[in-house]
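Here is the structure we will look at, set down as structure tokens.
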Amino acid sequence: MKYKLIPLLLTLSVALCLSLSLAACDETPAEEKGADGHTHIAETFNVNEEQHWKTCTVCGEKFSAENHSYLADNACETCGYSSVYTKGLTYLLDKVTGTYTVQSIGDARDVSELIIPAYYEGKAVASIGSEGFDGRTSLESVVIPAGVTSIGSRAFYGCANLSSVTVKGASKLASIGNYAFSHCGSLRKISLPAGVTSIGENAFEYTSLTEIGFGGTVAKWQALQKGDGWDNETGNYTVTCSDGKVAKDGTVTMN
Ligand SMILES: [Zn+2]
Ligand SMILES: [Zn+2]
């Protein structure tokens, strides 16, 4: 009987070694995995005042919880949470993605400096709704958090005194809706992140744009989808890309 145990033990120890080395090859930390071994999936963070964490869209488990660590601008370097933002705006929850759209000015109607929060009630603010702030002539500046991926149509239409639009940090902004900044006559410059893939029809018409910053290359700017009339009646702008400049008439000057 004893002799029969030896090969069994050998087999077991080989199997154990194999599984250990396989585990070592998989670089996903154990805390980012569910009980059945799946890697948790989450696009955005959830937050409270002390911490950020992710909630798995597959199993609902919380993972990667950490305390915020604040940078000089009072925003967490990992999740972008900040307690400094404009209070009183209204929001709509997308139950599928678990993110919010900021919908309107709400109780902040006379504000001149609009700071859209990165999170509302613990969930990421991922878009700016259509007509959210149209016709708000009190607005002079707006700060858009990094997690916003889309700006809705006519979102800032006719904000005649809006001169400063700041898109924060590692922005995920991809689409700018039709007429989004149309008739923002005071808008002279804007910086757009490299991830922008579409600018809607008439999006910047009747602005005073002379300077557009673009985080991507000239080739990327040229490939970007631009709707009809997106730059009607703007200033004579230059787009400064990472490797060169593009004039309003399309002339390219490489660095
Ligand atoms: Zn999971
Ligand atoms: Zn954080």
- Here the gain from full extension of residue 50 to residue 131, 0.36 nm per residue of separation minus their alpha-carbon distance, amounts to 25.8 nm
- Around residue 166 (Cβ within 13 Å, Cβ-to-Cβ, excluding residue 166; K/R +1, D/E -1) the net charge comes to -1
- Express in % the proportion of alpha carbon pairs of the chain at distances exceeding 26 Å. 51 percent
- Pairwise FRET efficiency - residue 247 versus residue 58, Cβ, R0 = 51 Å, nearest 0.05: 0.60
- May I ask you to order 245-253, 38-46 by the average number of other C-beta atoms within 10 Å around their residues, highest value first? 38-46, 245-253
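Assuming R0 = 25 Å, what is the FRET efficiency of residue 70 and residue 170, from their Cβ-Cβ distance, to the nearest 0.05?
On the way: r = 16 Å, r/R0 = 0.65.
E between residue 70 and residue 170, to the nearest 0.05, is 0.95.
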- Item | Accessible surface of the range 85-255 [probe 1.4 Å, protein heavy atoms]: carbon and sulfur percent | 46 percent
- Helix 2-25 sits at what angle to the longest principal axis of the chain, using alpha carbons and giving 0 to 90 degrees rounded to 10? 10 degrees
- Along the Cα-to-C-beta direction of residue 43, a point sits 7 Å from the Cα; which residues of the range 96-122 have their amide N less than 19 Å from that point? 96-103, 117-122
- Task: Sort the following peptides by mean Cβ neighbour count (other Cβ atoms within 10 Å, averaged over residues), highest first: 179-187, 222-230.
- Result: 179-187, 222-230
- Item | Distance between modelled label sites at residue 160 and residue 36, nm, 7 Å Cα→Cβ extension | 6.0 nm
- Using a/c under 1.5 as the rounded threshold, could you call the range 29-79 rounded, prolate or oblate? The axes a ≥ b ≥ c are square roots of the C-alpha gyration tensor eigenvalues, and prolate needs a/b larger than b/c, oblate otherwise. prolate
- Item | Accessible area per residue, Å², the chain with all protein chains present, probe 1.4 Å | 55 Å²
- Cα-based count: Lys pairs in the range 85-255 below 22 Å, eight or more positions apart or different chains? 19
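Which value, in debye to the nearest 20, gives the size of the charge dipole of the chain about its Cα centre, when Lys and Arg are +1 and Asp and Glu are -1 at the Cβ?
On the way: 19 positive and 28 negative charges, 109 e Å.
The calculation lands at about 520 debye.
The values are calculated or read from the model by the stated rules, or taken from the named source; none is laboratory data. Just so it is clear, the structure is predicted and the values come from calculations on it, not from any experiment. Please note: Cβ atoms are built from the backbone with ideal geometry, for glycine as well, and neighbour counts cover all protein chains shown. Note: accessible area is taken over every heavy atom of the protein model, side chains too, but ligands, DNA and RNA are not part of it. Shrake-Rupley method; radii C 1.70, N 1.55, O 1.52, S 1.80 Å.
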